[in-house]
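Shown next, in structure tokens, is the structure this report addresses.
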Amino acid sequence: MILKHLSIFNYRNILQADLDFSPNVNCLVGANGMGKSNVLDAIYYLSFCRGFASAQDALNVNHGADFFMLEGQYESEAEAALRVNVALKRGSRKRLKVDEKDVKRISQHVGRIPLVVIAPSDSALISGGSEERRRFMDTVIMQFDAPYLEALIRYEKALGQRGALLKQEAEPDAAVMDVIEDMMAEAAEVIYAARKRFVEAFEPLFLELYARLSGVEGEQVALQYESHGARGDFRRQWREWRAKERIVGYTLHGVHKDDLLLTLGGYGVKREASQGQQKTFFIAMKLAQYVFLKNMGKERTPLLLLDDIFDKLDAHRVSRIIDYVSTAAFGQIFITDTRRDHLDRILAATGRDYKLFTVENGEIAG
């Protein structure tokens, strides 16, 4: 997939921009806080109907405006044109259109434009809690499995309903709890099976990429999916734990507690790995995400967004990343950086055609 043109109106600090992109490499250079990451966030929004910097839509509307609007014009590998438009007015629901037709459900759109973003915040895959690693799995799977996203939505809704009943002062109606748990279980089984399949297929790609990026032989890294689903029937678990969960006031068991265990030499990466190893680990995970999505079928080459990561890495790792993404396997790439000379070296190393934009106080030139 190629993003040919992007229109931005009142999105974060960008009041208005119309940008034509190279099908190969696009670079945005500017000081911190100038808005270059907001361009990438707008591109991300057109794929997921949410930003990667913040899930709160209200924060994406420019402070002096009542609404924002984004439009992307795409071309697939089969040269089929695609136009995506999303708009949000404060206090109203977002409106999504694809080729001038309203899209009622986000799950019908997510995955249409596959995308992977790598940003410094991805270090939370290592340092953060299990919710970060669940989000990683979800972001990959929902891009090729629409029923999965629908199951996530159903599960979260039912989980909230069950939590509300657990918190109420009066004893919940057992029949109502049974119905809610049946709904949760149906969705949880879809989620558990999809995550299990994903990790089994994903780990070999990750291991290969980690070895390539680290350049060190003999490091034993691994991923392991951990879920209450491995214990068997979800309904049985919730009914057995219902009394204890009434005491704490929330659901202790289920796929919302899943985790992806990351290990080096058999021990947790967060505890055992050096800072350099941790960086290599999460970047290998994100690049493996790209390869995984690309392998899902024809016309599935994702957009790759590299948001200000090169200042955070040593020259050795930067060189290995650039060597890798410069191959023919990669499609359109968007890079942000604070230093023009830094980008010049990166671009020279890729050997690919590129387009350079400068960003200052939300104004974009290029």
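A short reminder: the numbers here are calculations on the coordinates, not readings from a lab. The structure presented is a predicted model; accordingly, all values stated were derived computationally and were not measured. Quick reminder, even Gly has a Cβ in these numbers, built from the backbone with ideal geometry, and neighbours come from all protein chains shown.
Descriptive notes on the structure:
- Between the residues L159, V269, Q332, the greatest Cα displacement towards the positive end of the dipole of the chain, with unit charges on the Cβ of Lys, Arg, Asp and Glu, is found for L159.
- Reachable lysines from K97, criterion Cα separation under 17 angstrom, eight or more residues apart if same chain: K89
- Among H256, V86, L213 - extreme Cα towards positive end, dipole of the chain, charges at beta-carbon: H256
- Mean separation of Cα contacts under 8 Å (6+ apart) over length of the chain, as relative contact order %: 27
- Given charges at Cβ of Lys, Arg, Asp, Glu: region 79-142 dipole, positive-most of S130, I141, L96: L96
- Converting phi to 3J(HN,Hα) with the Karplus coefficients 6.51, -1.76 and 1.60 and the offset θ = phi - 60°, region 273-280 yields 7, 6, 4, x, 5, 5, 4, 4 Hz in sequence order, with x at every glycine or proline.
- Placing +1 on the Cβ of every Lys and Arg and -1 on the Cβ of every Asp and Glu, with no other charges, gives the chain a dipole of roughly 420 debye about its Cα centre.
- Point-charge dipole on Cβ atoms (K/R +1, D/E -1) for region 11-72, about Cα centre, debye to 20: 220
- Out of every Cα-Cα pair that the chain contains, those further apart than 32 angstrom amount to 38 percent.
- A protection proxy built from the mean count of other Cβ atoms within 10 Å ranks the segments 338-345, 140-147, most packed first, as 140-147, 338-345.
- Fully extended contour minus Cα-Cα distance, from S54 to D66, at 0.36 nm per residue: 2.5 nm
- Whole-number D in µm²/s for region 258-341 (Stokes-Einstein; Kirkwood sum over Cα pairs; 4 °C, 1.567 mPa s): 89
- For K244, the lysines whose Cα comes closer than 17 Å to its Cα, not counting residues fewer than 8 places off in the same chain, are K167, K257.
- Counting only residues at least eight positions apart within a chain, or on another chain, the lysines with an alpha carbon under 23 Å from that of K94 are K104, K157.
- The charge dipole of region 41-154, taken about its Cα centre with unit charges on the Cβ atoms of Lys, Arg (+1), Asp and Glu (-1) only, comes to about 540 debye.
- Region 330-354 and region 118-150 have Cα centres separated by 26 Å.
- Separation of alpha-carbon centers, region 174-235 and region 50-83, rounded to whole Å: 30
- Helical content of the chain, expressed as a calculated mean residue ellipticity at 222 nm, amounts to -13500 deg cm²/dmol (DSSP H runs of 4 or more residues, -39,500 (n - 2.57) each, divided by residue number, nearest 500).
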